[in-house]
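Colleague: Before I ask anything, here is the structure I am working with.
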Amino acid sequence: MILVVENERLVAADLKMQLERLGYGVSGPVATGEAVLAQVAAHAPDLILMDVMLDGAMDGIAAARALPKHPVIPVVFLTAHSDRPTVQRAGEGAPYGYIIKPFTPAELGIAVEMAFHRVAAEEQLRQAEARSYEAQRLDALAAVTAAGQDEERLRALTRNLMEEQEAERGRLALELHDNVTQPLSAIAFRGEAQARKLRARDAPAKSEQRALLQLIGETAVVAERISRKLRPGVLDLLGLDAALHEISTEFTKRTGVPIKLDCAPLGERLPANIELTLCRSVQEALENVEAHAHAQHVNLRLTKQGKNVELAIGDDGVGFDQDHLPTKSEAARGLGLFGMRERVAAAGGALSVKSAPGQGTTICARILLGG
Ligand SMILES: Nc1ncnc2c1ncn2[C@@H]1O[C@H](COP(=O)(O)OP(=O)(O)OP(=O)(O)O)[C@@H](O)[C@H]1O
Ligand SMILES: [Mg+2]
């Protein structure tokens, strides 16, 4: 069910008709942010198609921010062509897409389809990661208990399954790059050439083409970002400093939160499993900063003294009480910190977490080389 949020009655009626023609169930229209939240609370739609300009105190962007985070309800924004700053704000606040008025039925159909695809892909990735990790961990635990073996055996099993998981992620990253990002870039390239050929009197067709190309370009960027997250490409090639640099730059670009990166010269490459473990710890910790911390600054420090490598990720955000994490159901409990601890332990190190409400969070991984 798609909820239509639009305060211009004629546009709303037209939208409903076009969506129904495309075979979607439609609810609404509603015209205020407050009405959107009430509708969502009563019966969550699968997607919201929302004008940025609404009646009442909330505009569309504020309404989208106030939506519940789980499960994700994708929002596709509608903006007026002439209103450049709003188009820009909508673009920044709309990970699932936006459409510029006036638009054609084809553009509407593509934007809605792409938003649905994007949500489904994100959900699948999340479920696959959580399921395979949890299932494999339980298998490993059961195997150890049955054999009555000691902790070292569990570590070895954890190491194995992490290696398998990393190999699988590498394959996925490649598949995504070869089969999604590359073809999208090729489509955009050919589209550009075609747009240039459209003569000046075909201005509407040309601007339609441009909007479509922009959509394709943005999707290519998202796909590339997912593929880099699956496997930080520069790590194998250029080493840990370069990978940390890339992860930090991408994080700041996406979230606006600056990272002070302090990487001691390592002199030589660390063992591959340790480089990867540290890289994954940074990704996981930054995911937590983004999701929970509301931080203004992040510090990322890598030091090496003799055979001791230490990586610390600190933020000045809200912090948390480690003894009283919000109680969640078994299925919803986070795996981030747990997975980080397991990874670091499997690489022969230890993870410490320092945090308190209002005092930020610092995660520190210490690994003894050759230990
Ligand atoms: N940097 C941080 N700032 C504030 N709170 C944090 C931070 N890191 C973790 N937390 C708190 O610790 C909890 C556990 O984190 P963890 O990474 O294990 O799980 P999650 O982030 O909730 O879920 P998942 O990582 O599986 O998506 C979080 O839900 C959050 O309450
Ligand atoms: Mg987390």
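Colleague: State yes or no: is K354 away from ligand 2 (no atom under 16 Å from the Cβ), at pLDDT below 90 and not assigned by TED's automatic domain parsing to the domain that holds Q136?
Modeller: Considered against the rule, which asks whether it is away from ligand 2 (no atom under 16 Å from the Cβ), at pLDDT below 90 and not assigned by TED's automatic domain parsing to the domain that holds Q136, K354 comes out as no.
Colleague: Would you confirm, using the coordinates I've provided, whether D323 is within 16 Å of ligand 1 (Cβ to nearest atom), more than 21 Å from the chain's Cα centre (by Cα), farther than 21 Å from G339 by Cα and charged (D, E, K, R)?
Modeller: No, not satisfied.
Colleague: So, one more: Just wondering, is there one or more residues in the range 271-282 that are surrounded by fewer than 19 Cβ atoms within 10 Å (Cβ to Cβ), away from ligand 2 (no atom under 16 Å from the Cβ) and not in a helix (DSSP H, G or I)?
Modeller: yes
Colleague: How many residues does the range 2-37 contain that are touching a strand residue (DSSP E or B) at 6+ places or on another chain (Cβ under 6 Å) and either on the phi > 0 side of the Ramachandran plot or in a strand (DSSP E or B) (or both)?
Modeller: Selection size over the range 2-37: 10.
Colleague: Which residue out of A130, A111 is within 16 Å of ligand 2 (Cβ to nearest atom), in contact (Cβ under 8 Å) with a residue 60 or more places away in the chain and assigned to a helix (DSSP H, G or I)?
Modeller: Only one candidate passes the filter, namely A130.
The values are calculated or read from the model by the stated rules, or taken from the named source; none is laboratory data. Note that the structure is a prediction, hence the values are computed from the model and not measured. Counting neighbours? That spans all protein chains shown, and the Cβs are built from the backbone with ideal geometry, glycine included.
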